[in-house]
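Data first, discussion second: the structure below is written as structure tokens.
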Amino acid sequence: MAIREVDKNTPIILDSSAYADPNTFKNFIPHEDPNVIYSFHMYEPFAYTNNKRNNGKFTYPGVVDDTQWDQAKLRDYMSAVVNFLNEHGIPSNKILVGEFGGHRTSPGLAKYFADLLSVFEENKWHFAFYAFREDSWDGMDYELGDKPLPWAYWKAIEKGEAYTLERKAAHPSFLEIKKSLAKNKES
């Protein structure tokens, strides 16, 4: 890596391919550099986490596209990452879940987050959720809860007017993230 000719110490984050899908770790080639962090994103099952694909059809845990999704399936889906670490003797703290999330209106999102975060924690992986107070899209602004935004909000946006949304840190999906962040802060 050419960057190491200038800077030998700053950690470099490498995303896996195919939108940083964890299954691509099957083909990931490790680097000898001890300051490389390997990253993936977790939005599976995509038909559940994506609002347009889901459109109220799927809940978590549950069957999505003919597959039962629960914590065991999530763990299995990310098993290529664990295998990569074990095969190459890489410590688990060299993994970053660079993004995870789901549309805030997806039924069962709090349980989905609880199960994902549990897998991340048991593997001692670093993680970042998408997104905190997104400024142009409400879909993953978990403090807004799981209901559609009021029509007055959309009318104000259309007119270019300001509209203050009520945010609550106590919405179940956001509470799961906060609990995990607090646990990780303590350890």
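Here LYS178 and ALA47 are evaluated by their C-beta separation; at R0 = 25 Å the FRET efficiency comes out at 0.40.
Among the DSSP beta bridges whose two residues both lie in the chain, what percent are antiparallel, rounded to the nearest 5? Before the final figure, lay out the partial values.
Details: 3 of 14 bridges.
Roughly 20 percent of the beta bridges in the chain run antiparallel, per DSSP.
Is the shape of region 98-146 best called rounded, prolate or oblate, per the rule: a/c under 1.5 gives rounded, else a/b larger than b/c gives prolate, else oblate, with a ≥ b ≥ c the square roots of the Cα gyration tensor eigenvalues? Here region 98-146 falls in the oblate category. Take the Cβ atoms of ALA169 and SER17, set R0 to 41 Å, and the FRET efficiency comes out at 0.70. For the set LYS52/LYS179; LYS8/LYS179; LYS73/LYS185; LYS26/LYS147, the pairs lying more than 32 angstrom apart at their alpha carbons are LYS8/LYS179; LYS26/LYS147.
Extension gain, VAL6 to LYS155: 0.36 nm times the residue separation minus the Cα-Cα distance gives 48.5 nm.
Each residue of region 174-186 was assigned a 3J(HN,Hα) from its phi angle through the Karplus curve 6.51 cos²θ - 1.76 cosθ + 1.60 (θ = phi - 60°); the sequence is 6, 4, 4, 5, 4, 4, 5, 4, 5, 4, 5, 5, 6 Hz, with glycine and proline shown as x.
As a check on your grasp of the helix formula, calculate [θ] at 222 nm for the chain: sum -39500 (n - 2.57) over DSSP H runs of n ≥ 4, divide by the residue count, round to the nearest 500.
Numbers: 8 runs with 67 residues, N = 187.
Calculated mean residue ellipticity at 222 nm is -10000 deg cm²/dmol.
Using only side-chain charges placed at the Cβ, +1 for Lys and Arg and -1 for Asp and Glu, the dipole size of region 2-186 relative to its Cα centre rounds to 440 debye. The label-point distance for ALA72 and GLU121, in a model that sets each label 7 Å from Cα toward Cβ, rounds to 2.1 nm. Taking every C-alpha pair closer than 8 Å and separated by at least 6 residues, the mean separation divided by the residue count of region 42-187 gives a relative contact order of 22 percent.
Kirkwood hydrodynamic radius of the chain, from the reciprocal of the average inverse Cα-Cα distance over all distinct pairs: 18.0 Å.
All of the numbers you see were taken from the coordinates with simple rules; none came from a lab. The model shown is predicted, which means the values in this text are computed figures rather than measured ones. Note: ideal-geometry Cβ built from the backbone for every residue, glycine included; neighbour counts use all protein chains shown.
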